[in-house]
Every structure is written in structure tokens, then in C-alpha cells.
1. Which order results if Ser114, Ser82 are arranged by neighbouring Cβ count within 10 Å, fewest first?
2. Please list 59-70, 123-134, 35-46 highest first by mean number of surrounding beta-carbon atoms within 10 Å per residue.
3. Over the range 129-282, calculate the relative contact order: mean separation of alpha carbon pairs under 8 Å at least 6 apart, over the residue count, as a percent.
4. Over all directions, average the projected area of the Cα convex hull of the range 55-179 and note it in nm².
5. Give me Lys204, Lys136, Lys159 ranked fewest to most by other Cβ atoms within 10 Å of their Cβ, as a rough exposure proxy.
6. Below 13 Å Cα-Cα, how many Lys pairs turn up in the range 129-282? Only count pairs eight or more apart in sequence, or on different chains, if you could.
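Every number here is computed from the coordinates shown, using simple stated rules; none is lab data. Just so it is clear, the structure is predicted and the values come from calculations on it, not from any experiment. Reconstructed Cβ throughout: ideal geometry from the backbone, glycine too, with neighbour counts over all protein chains shown.
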Amino acid sequence: MQVLLRLNRVLIALALIGVTAGEALAGLGQPSPWQLGMQQSAAPVMDEIIWFHNFLLWIITAITLFVLALLVYVMIRFNARSNPVPTRTSHNAAIEVAWTVLPVLILVAIAVPSFRILFHQLTIPPADVTVKATGKQWFWTYAYPDQKFEFDSLMVAEKDLKPGQPRLLAVDNEVVVPVNKVVRVQVTAADVAHAFALPSFGLKIDGYPGRLNETWFRATKEGVYYGQCSELCGKDHAFMPIAVRVVSERDYAAWLEQAKKRWAINDDGDAAKIAASSERATQ
Ligand SMILES: [Cu+2]
């Protein structure tokens, strides 16, 4: 009895640790060790994606349990021993209609929210900030077309990581955007197909040379959010991360001021930049 009581207490303690650790382990903006499920959401579209994921999980769990129950029923009720003389029934109109109509209804119930989320992802609300991301072998170039500046963003090598910077995700120049503002993201590529993906914002869109794709996000929490190129694009595909720093509007204005000075596009600068980036690409 004593042993059982003690075991019970240990189990309760473990469950509590599990719950609190589970919170901590669901990463916001980056994956975490032993993570279960998706990264935490920091944008309305991702809230919907997580909701849809859980909704589908309920449906497939119910279908799987239903099919399992049918199988078990058939195995017990209709095996050769308990049902030695099989029936000759080959048609049952009611059941045939039911097993056609019910799956159709289930698919419609799935399709409606699925299309709603797709439209939400690809219908861009009036944007406060536009960022154009160009995938290159193997880094990203970000332009703020309304502000006339652009810069390259390269992964920080493992030996150069500063404390707090995640391995394979930190970059030298982060994209900076204001919190709670609509950011339009235009995605293209300069050489081969790349993809701009950032889990906490629910973003994933391909970038192709000669084509401009568009998506958007509205970050609801300040912080740094990481993503990765998600289209196999060559040997350093795994080493061209995406980092977006979401800051207050005041900090954004301050960053914008110095970014405009540092990375302004002018005729000479542009030529130098193109030379520098193609040099890097051939390295
Ligand atoms: Cu890529």
C-alpha cells in the first residue's frame, strides 16, 4: 500500500514536470529539443493552421477507432467458428448509400476550413511594410522596396556564434519588422528554386527565378523568429536560414533610419553589391 502511494506521488510529480516542460519545449520562433507538435504561433494564419491540425487529428482519430471497431467486430462475430454458415447477402442499398455519402460529408467538412485558410494565406491585406526576399545559392537578399535599400543575410558559422544565437539558424543581418503590422513578403529567386518558410508565422512559399510570389504575416509578439529555405536548392540548402526580428514601432523606426544609410541603393553601390554577391555565390 505504502509503495503504491509513493508510486502515485512520483507519477503525479512526473506529470506536473511533463506539463510545465511541455510548455517550455514547444518552441516559439525556433524548434526545441524533444518538441512535440508544431512551433508556437505568433501570427493569425498560424493560429488557424494549428487549429486545423488539431481538428484533423480528431477526425482521423475517430475514423481510425471506428475502422478498428468494425474489424474487431467482424473478427469476433463472423469467424468460421462463431458463424459456420455464411450469409449470401451481396447488396444493401442503405449501407451503400451511407458509406458513400458519409465520407463525402467528412471531406466537405475538411475542405471548407482548408480552403478558408488557403485564401487567408494568399489574400494579402493592405500592407504596412513590404519585404522582398530573393533566394540565392546560398543566402537570402532582402529588399525594402518602399525604403530603397537592400542587404544580404548569411548564416553565422558555428565558430562565430554569440551566446543565445541558435546554430544553423542565426544570420548576420536579420529582417526587422514592426509588431502587429501587416508585412507583405514578396519571394523570388536569382538562380534556382528556393522556398521561404517560417513556421511560427505559418509561412511557406516558393521562390522561382523570373516569378514574384506573394504572401504575408502579422507578427503578434516581439522576438526573433527563424525559418529555413524549404526547396532543395543545392549543396548549402541547409545553410541559408531566415531570421526575422519583430520589434516595437519605435525600435523599427530607429532601425529603418540606420538601415537606409547603411544599405541604400544607388547606381554605384548597386553595381558594387551585385559584384560582391555574385563573388560570394561562386565561392
Ligand atoms: Cu534555397
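1. Working: Ser114 14, Ser82 9.
In increasing order of surrounding Cβ atoms, one gets Ser82, Ser114.
2. On the way: 59-70: 10.4, 123-134: 16.2, 35-46: 18.1.
Final packing ranking: 35-46, 123-134, 59-70.
3. Numbers: 349 pairs, mean separation 39.4, N = 154.
Over the range 129-282, the number comes to 26 percent.
4. Seen from a random direction, the Cα hull of the range 55-179 projects 16.5 nm² on average.
5. Details: Lys204 17, Lys136 20, Lys159 5.
Fewest to most other Cβ atoms nearby, the residues stand as Lys159, Lys204, Lys136.
6. Values: Lys132/Lys148; Lys136/Lys235; Lys148/Lys260; Lys148/Lys261; Lys181/Lys221.
Here the count comes out as 5.
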